[in-house]
Amino acid sequence: MRRSRAEKEAIHGKLSRRAILLGGAQLLFMGGLAARMRYLQVDQADQFRLLAEENRINIRLIPPKRGEIFDRNGVQLAQNVPSYRIVMVREDAGDVEDVLDRLATLIDLTPEERADALAEIKRSAPFLPVTIAEDVSWDAVSAVSVNAPALPGVSPEVGSTRVYPRGSDFAHVVGRVGRVSQKDLDALEDPDAVLRIPRFNIGKINVEAREEDLLRGAAGTKQVEVNATGRVMRELSRREGQSGADLQLTVSAKLQNYVQARLEGESAAVVILDCENGDVVANCSAPSYDPNLFIGGISSKDYDPLLQSKYRPLVNKTVQGAYPPGSTFKMMTAMAAIEEGIVGPDETVYCPGHLEIGGRRFHCWKRAGHGWVDLETSLKRSCDVYYYDLALKVGIEKISAMARRFGLGERHDLALSSVNSGLTPTKDWKLQNRGESWVIGDTVNASIGQGFMLASPMQLAVMTARLATGRAIAPRLVKSVNGVEQPILGGGPLGMNENNLRKMRKSMYAVVNDRRGTAYRSRIIADGLRMAGKTGTSQVRSAVVNNNEVPWEQRDHALFVSFAPYDNPRYACAVLVEHGGGGSTAAAPIARDVMLQALYDGEPPLEAYPTADRARIKIQQSRLRDVKPQARIAKGKDQA
């Protein structure tokens with residue numbers, strides 16, 4: 001149908017208006033878009049450039065090198081050694097299970113390691129390397145490298161492993177490291193970011209744990225360029241961290257090794273202190289264990305025997321154990337009495353074998369009694385009745401106060417875990433903790449180191465050092481940090497009457513060197529090296545029964561404290577033998593042997609021993625001479 005001219009003009013006008021409107025709208029949109037692009041690209045350029053850089057560049061932590069630990073003579077006790085590990089990148093591996101099956105034919109991959117690796121692979125991003133096996137041998141690394149085409153995503157890497165070359169000798173001093181756990185993180189108010197690095201190790205017990213902040217060091221950083229998925233494309237820059245501090249301890253590796261060997265077969269503890277500065281030159285708890293077993297996680301096969309043993313190898317008996325000190329405490333009761341002027345050193349007490357108090361008999365260990373005894377005789381023959389009598393005159397408050405002046409009941413500041421404060425009881429203590437009033441029998445028991453009285457071998461060694469010197473000796477375990485000598489703690493005068501101290505030392509000398517002394521058979525006969533000491537027997541049951549007639553766990557503990565040389569004390573020593581019976585038979589011989597080893601800085605001559613002991617000591621020395629530290633050099637699990 002033909003349209004008229006007028007209709008055509010009308011239609012053309014409508015189309016022209018629509019075209020103009022559409023064009024205007026397009027121009028308006030393009031103008032707005034251009035303005036927005038200008039705003040983003042020009043006005044906001046700096047802000048978006050910064051955001052783009054933050055997305056493109058990541059800051060990652062570099063684990064610091066852990067500080068190493070040495071003995072007083074520079075012998076390494078904890079070191080870092082290169083180790084090899086096998087890692088896998090999931091996205092390169094493809095079928096992870098299949099690759100692990102092939103890998104297991106080349107290296108020793110336990111079911112536990114496989115399960116741990118699979119769990120970590122699932123948690124991690126597909127492009128991140130995950131450790132499959134740690135501390136593998138060079139042969140294993142070679143096998144993986146040769147078979148690389150058949151092991152997609154698997155590669156060997158070089159890392160660092162903590163190793164304790166002296167093995168079990170220093171397990172209860174140096175301690176050990178282990179992987180950071182959630183419990184470790186929860187215990188910290190503001191945990192260091194480096195602790196969140198997978199498989200990062202921190203100190204778990206003893207020096208490794210107590211000096212963690214010094215040993216750990218500070219993490220370094222590296223800038224890496226990543227793509228949109230987070231894959232590392234290249235490293236842009238690196239700032240190395242600060243290595244942890246190297247620590248030098250006061251202990252002697254040579255002496256420690258001898259003492260641990262001497263304690264073989266015993267459940268025991270030995271502490272040897274330097275009387276000049278309080279340095280702990282030996283701190284041994286037996287039996288011990290190899291801390292290297294814990295690196296990377298200990299197996300149930302290795303851990304269960306340690307946990308279940310009645311001899312408690314995981315416990316550091318020198319500071320964690322708290323035992324009734326027995327007769328080694330008698331010097332405290334005597335010092336409380338003579339310092340107060342209640343009795344004199346030469347006053348005598350009659351011992352008929354018991355003392356009756358309030359209708360109850362408190363027996364002396366010698367049922368027939370010791371007759372008339374003074375201070376020296378009472379210590380020499382370890383008469384109990386003498387100290388029962390003193391306790392009635394002086395009272396528990398003064399006895400406990402004197403014990404605290406000599407370092408008992410005090411938690412000494414040492415870089416060891418779970419240091420026990422022991423107990424020097426008072427009337428208020430019993431009322432608050434037991435809900436009972438103090439009775440006279442409690443005082444009598446405390447006077448000979450029984451009842452509520454408790455002390456650790458470390459505290460007994462401190463007590464002995466203070467008796468030997470008259471100074472407030474305090475134990476020190478860390479000698480230097482990065483070569484900087486650490487301060488000596490304490491050492492000032494105790495404020496005791498020197499005549500009273502001299503009388504006490506003379507009485508302790510008689511214990512060891514008088515023919516009627518309880519430790520006479522364990523004397524030192526070398527000129528200028530004579531030893532003074534005191535035996536002790538700590539009851540673990542109230543009934544009086546022969547130790548040979550009861551199970552091991554019910555036998556008395558054996559104790560002995562000593563210092564030498566008598567004329568110029570160099571070392572103080574405390575020995576505890578759990579359930580060893582009598583202090584004179586079980587603890588004193590050990591103390592004599594380790595004291596001589598310390599005094600001679602090595603194997604002493606046979607002439608230092610009584611003639612009757614020399615044949616036995618010669619055999620013992622020959623046996624102990626061959627006992628070497630259970631060293632573990634990083635050699636890989638395949639060779640361990």
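Bear in mind that the values in this text are calculations on the coordinates, not laboratory data. Because the structure is a prediction, the values reported are computed rather than measured. Cβ sites come from the backbone with ideal geometry, for glycine too, and all protein chains shown count toward neighbours.
For the range 53-206, rounded, prolate or oblate, judged on the Cα gyration tensor with a ≥ b ≥ c (square roots of eigenvalues), a/c < 1.5 rounded, else prolate if a/b > b/c? Oblate.
Translational diffusion of the range 462-530 was estimated from the Stokes-Einstein equation, with Rh taken as the Kirkwood radius over Cα pairs; at 4 °C and 1.567 mPa s the coefficient is 90 µm²/s.
To the nearest 20 debye, what charge dipole does the chain have about its Cα centre, counting +1 at the Cβ of each Lys and Arg and -1 at the Cβ of each Asp and Glu?
1080
The calculated FRET efficiency for L195 paired with A401, based on their beta-carbon distance and R0 = 35 Å, is about 0.20.
Relative protection proxy for 510-521, 280-291, from highest mean packing down: 280-291, 510-521 (other beta-carbon atoms within 10 angstrom).
Between S16 and E485, what is 0.36 nm times their sequence separation minus the Cα-Cα distance? Round to one decimal in nm.
Net length gain for the segment: 159.2 nm.
Between the amide H of G491 and those of A472, I473, A474, distances stay under 5 Å, these residues lying 5 or more places away or on another chain, with hydrogens modeled in the peptide plane. Given their separation in residues at 0.36 nm each and the Cα-Cα distance between them, Q223 and V146 gain 24.5 nm when the chain is fully extended.
Taking 0.36 nm per intervening residue step and subtracting the Cα-Cα distance, what contour gain separates D626 from D601 on full extension? Each step should come with its number before you reach the end.
Working: separation 25, 0.36 × 25 = 9.00 nm, distance 1.70 nm.
7.3 nm is the gain from fully extending D626 to D601.
The mean sequence separation of alpha-carbon pairs under 8 Å and at least six residues apart, normalised by the residue count of the chain, gives a relative contact order of 15 percent.
The translational diffusion coefficient of the range 384-498, from Stokes-Einstein at 25 °C and 0.890 mPa s with a Kirkwood hydrodynamic radius over alpha carbon pairs, comes to 156 µm²/s.
Positive contributions from Lys and Arg (+1) and negative ones from Asp and Glu (-1), summed over other residues with Cβ under 12 Å from the Cβ of Y386, come out at 0. Working note: 222 nm ellipticity from helices only, DSSP H runs with n ≥ 4, each -39,500 (n - 2.57), summed and divided by the residues of the chain, gives -10500 deg cm²/dmol to the nearest 500. Projecting the Cα atoms of N548, P425, I590 onto the dipole axis of the chain, where Lys and Arg carry +1 and Asp and Glu carry -1 at the beta carbon, places P425 farthest toward the positive end. For the peptides 440-447, 489-496, the ranking by mean Cβ contacts within 10 Å, running from highest to lowest, is 440-447, 489-496. Once you reduce the range 278-339 and the range 547-579 to the center of their Cα atoms, the two points are 13 Å from each other. Geometric descriptor of the chain, per residue, is 272 Å³ (volume of the convex hull of the Cα atoms). Within the shell of other residues whose beta carbon sits under 9 angstrom from the beta carbon of G220, the net charge comes to +2, with Lys and Arg scored +1 and Asp and Glu -1.
Quote the charge dipole size of the range 294-441 about the Cα centre in Debye, to the nearest 20; the model charges only the Cβ of Lys and Arg (+1) and of Asp and Glu (-1). If you can, show how the numbers build up before the last one.
Values: 19 positive and 16 negative charges, 108 e Å.
With Lys and Arg at +1 and Asp and Glu at -1, about 520 debye.
Relative protection proxy for 615-621, 561-567, 20-26, from highest mean packing down: 561-567, 615-621, 20-26 (other beta-carbon atoms within 10 angstrom).
Pairs K310/K430; K183/K430; K222/K479; K366/K506; K366/K430: which are spaced more than 32 Å apart, C-alpha to C-alpha?
Those over the limit are K183/K430; K222/K479.
For Q308 and Q26, the FRET efficiency from 1/(1 + (r/R0)^6), where r spans their Cβ atoms and R0 equals 56 Å, is about 0.05. Label-to-label distance, D116 versus L188, with points set 7 angstrom from Cα along the beta-carbon direction: 2.0 nm. D413 to N73: FRET efficiency via 1/(1 + (r/R0)^6), r the Cβ-Cβ distance, R0 22 Å, to the nearest 0.05? With a Förster radius of 22 Å, E is 0.40. The distance between label points at V96 and M37 comes to 4.5 nm (points 7 Å beyond Cα on the Cα→Cβ vector).
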